[in-house]
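The values are calculated or read from the model by the stated rules, or taken from the named source; none is laboratory data. What you see is a predicted model, and the numbers here were worked out from it, not measured in a lab. Neighbour counts run over all protein chains shown; Cβ positions are idealised from the backbone, glycine included. When the accessible area is computed, the model is the full protein with side chains, heavy atoms only, and any ligands, DNA or RNA have been set aside. Shrake-Rupley method; radii C 1.70, N 1.55, O 1.52, S 1.80 Å.
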Amino acid sequence: MKLILLTSPEFFVEEDKILTSLFEEGLDQLHLRKPASEPVYCERLLTLIPEEFRGRIITHDHFYLYEEFGLMGIHLTARNSEPPKNYKGLITCTCYNMEQLAEAKSTSAYVCLNRTLDSISEPQMTAQYTTEDLREAARQGLIDRKVMAQGGIALENIPLIRELGFGGVVVRGDLWKRFNIHSGADFKPLIAHFRNLRKATN
């Protein structure tokens, strides 16, 4: 299974060090998602990440960063739903319901199914599907290796996600809750948890 990390929506002091360490630990892909951010702050973060890892980063915003920093690709969402004119690079996207999946899979390298489970970082974002809904979608061929489960992904439910036939997981709250971005300095617990996530998805 693919292991994808979604950044914290906020910038913080230790961020580049943590992200670099996660890449060194084998992070497959990073989705750079900083809603309402100024482009200069994204540029600064990318500058601090070693060039060898930038080809594993997909940006949700400021799509010009793709070429400027040699990123892996861009990610389309309801907020940024169209690629730039004449864009020829890799595209991934978020799907907000099952109806979008079939069409989105035909035009994307992979798709992220939003609100697969109850969100960890945003408790108001509850799951849109029951486990049986997801099983039925898998039986119909909607969920397959090109679909990543997003929302509520934690170490303990990765076996279920694998069983349902998803090609990977998008992790956010389960990892970032292990580090206080406002006052933390020791990110060893976060790295240790990432290693467990890596084992679970291998």
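Fully extended, how many nm does the chain gain between residue 198 and residue 155 (0.36 nm per residue separation, minus their Cα-Cα distance)?
Here the answer is 14.5 nm.
For the pair residue 11/residue 67, report the inter-label distance in nm, with labels modelled 7 Å from Cα in the Cβ direction.
About 2.3 nm, to one decimal.
Here are some pairs, 34/105; 2/199; 34/199; 34/177; 2/188; which of them have Cα atoms lying more than 20 Å apart in this structure?
Exceeds cut-off: 34/105; 34/199; 2/188.
Using 1/(1 + (r/R0)^6) with R0 = 22 angstrom and r between the beta carbons of residue 144 and residue 96, what's the FRET efficiency to the nearest 0.05? Don't skip to the end; give the middle numbers.
Details: r = 18 Å, r/R0 = 0.83.
Computed FRET efficiency for residue 144 and residue 96 comes out at 0.75.
Which net charge results for the neighbourhood of residue 173, defined as the other residues with beta-carbon distances under 15 angstrom from its beta-carbon, given Lys and Arg at +1 and Asp and Glu at -1? Please report the intermediate quantities before stating the final value.
Numbers: positive: 33, 115, 172, 177, 178; negative: 10, 118, 122, 156, 174.
Local net charge: 0.
Roughly speaking, what is the centre-to-centre gap between segment 18-85 and segment 127-170 when only Cα atoms are used, to the nearest Å?
25
Give me the one-decimal Kirkwood hydrodynamic radius in Å for the chain, with the sum taken over alpha-carbon pairs.
With all distinct Cα pairs of the chain included, I get 17.2 Å.
Let's test the formula: R0 of 25 Å, r as the Cβ-Cβ distance of residue 122 and residue 41. What FRET efficiency results, to the nearest 0.05?
0.70
Relative contact order for the chain: what percent, with Cα pairs under 8 Å and sequence separation of 6 or more? Could you put the intermediate results ahead of the total?
Numbers: 353 pairs, mean separation 40.3, N = 202.
Once normalised by length, the contact order is 20 percent.
On the protein heavy atoms, probe 1.4 angstrom, tell me the percent of accessible surface of segment 1-144 carried by carbon and sulfur. Walk me through the numbers before you get to the answer.
On the way: 3400 of 7050 Å².
The nonpolar share, carbon plus sulfur, comes to 48 percent.
Keeping every protein chain present and rolling a 1.4 Å probe, give me the accessible area per residue for the chain in Å².
Values: 9710 Å² over 202 residues.
Value returned for the chain: 48 Å² of accessible area per residue.
Estimate the FRET efficiency between residue 178 and residue 86 by the formula 1/(1 + (r/R0)^6), using the beta-carbon distance for r and 41 Å for R0, to the nearest 0.05.
Working: r = 41 Å, r/R0 = 1.01.
With a Förster radius of 41 Å, E is 0.50.
If you average 1/r over every pair of different alpha-carbon atoms in segment 59-153 and take one over that average, what Kirkwood value in Å do you get?
Every distinct Cα pair counted, the radius reaches 14.2 Å.
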